[in-house]
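Sharing a structure here in structure tokens format.
Each reported figure results from applying straightforward, stated rules to the coordinates on display, with no laboratory input. On a predicted model such as this, the values are computed, not experimentally measured, just so you know. We place every Cβ from the backbone using ideal geometry, glycine too, and count neighbours over all the protein chains shown.
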Amino acid sequence: MTQAIQTRSLTRRFGSFVAVDDVSFEVGQGEIVGYLGPNGSGKTTTIRMLLGLLRPDAGSATVLGWDIARQPERIRAACGYMSQKFAIYDDLTVGENLNFYAGAYGVGRRDRAATLARVGLLGHERERTKTLSTGWRQRLALAIAIGHRPRLLFLDEPTSGVDPIARRSFWDLIYDLAAEGDGDGDHPLHGRGRILRAGGDHARRQAACI
Ligand SMILES: Nc1ncnc2c1ncn2[C@@H]1O[C@H](COP(=O)(O)OP(=O)(O)O)[C@@H](O)[C@H]1O
Ligand SMILES: [Mg+2]
């Protein structure tokens, strides 16, 4: 079975500063993995490389079996990404925000309603985003990230600034989505989350444990 993610000595510098230092890890299909590290330890930079948006200076990686340097479009079409500073438009309603992004991905109307239902936002289409709580905004950002039914979802600090109850229900939702798998029954969620650490020695030590 192809690993969902496989990195080999992934490294990225900005000038002389090493933001991601020789990071190797693997993530199996159906797994939920937390990639932890303090601010500035290279988590977002790692995700940008895995999405084929940023070139590594050294090392390599495959995502869903595709090489990040040679097949970034394949990767992005099959992945969802919820950025740490996700962009939803305050002036648009919930439904309009989803329509805007769904249009870009070619997602049909029926699928949009199904996506809203999956994140518990069905019936809220006409609400203006500006009036939503942080927890609901975050659900909308998730809906946008999963609208095209990605096989792999990158969540960059999705619950920062969210109250504990909304955070809990967000993670319940993520576990439900993972348990749905891709429908062929081959990749059930392994049941446990797993933790990787970003940043220098931590990442190396962790890589050795996997
Ligand atoms: N485009 C960039 N140019 C210069 N430095 C950057 C750039 N992107 C990230 N960095 C630096 O790389 C380091 C890692 O950043 P980042 O991956 O955003 O960390 P994290 O997501 O773990 O907080 C930080 O010191 C950050 O300032
Ligand atoms: Mg970050």
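Starting from the Kirkwood Rh over alpha-carbon pairs, what translational D in µm² s⁻¹ does the chain have by Stokes-Einstein at 20 °C and 1.002 mPa s?
It diffuses with D of about 120 µm²/s by this estimate.
Could you tell me how many degrees, from 0 to 90 and to the nearest 10, lie between the Cα long axis of helix 134-146 and the main elongation axis, the longest principal axis, of the Cα atoms of the chain?
70
Give me the number: length gained by fully extending Arg109 to Phe17, i.e. 0.36 nm times residue separation minus the C-alpha to C-alpha distance, one decimal in nm.
Going from the current span to full extension adds 28.5 nm.
Against the longest alpha carbon principal axis of the chain, how many degrees, from 0 to 90 and to the nearest 10, is the axis of helix 200-209 turned?
For 200-209 against the chain, the angle is about 90 degrees.
How would you rank Lys85, Lys130, going from fewest to most other Cβ atoms within 10 Å of each one's own Cβ?
If I rank by nearby Cβ atoms, fewest first, I get Lys85, Lys130.
Let me ask something else. Summing -39500 (n - 2.57) over the DSSP H runs of n ≥ 4 in the chain and dividing by its residue number, what mean residue ellipticity at 222 nm do you reach, to the nearest 500 deg cm²/dmol?
-11000 deg cm²/dmol
Here is a further query. Using the count of nearby Cβ atoms within 10 Å as a rough guide to exposure, how do Glu73, Glu31 rank from fewest to most?
By the 10 Å Cβ count, ascending, the order reads Glu73, Glu31.
May I ask you to sort Phe17, Phe86 by Cβ crowding, counting other Cβ atoms within 10 Å and putting the fewest first?
In increasing order of surrounding Cβ atoms, one gets Phe17, Phe86.
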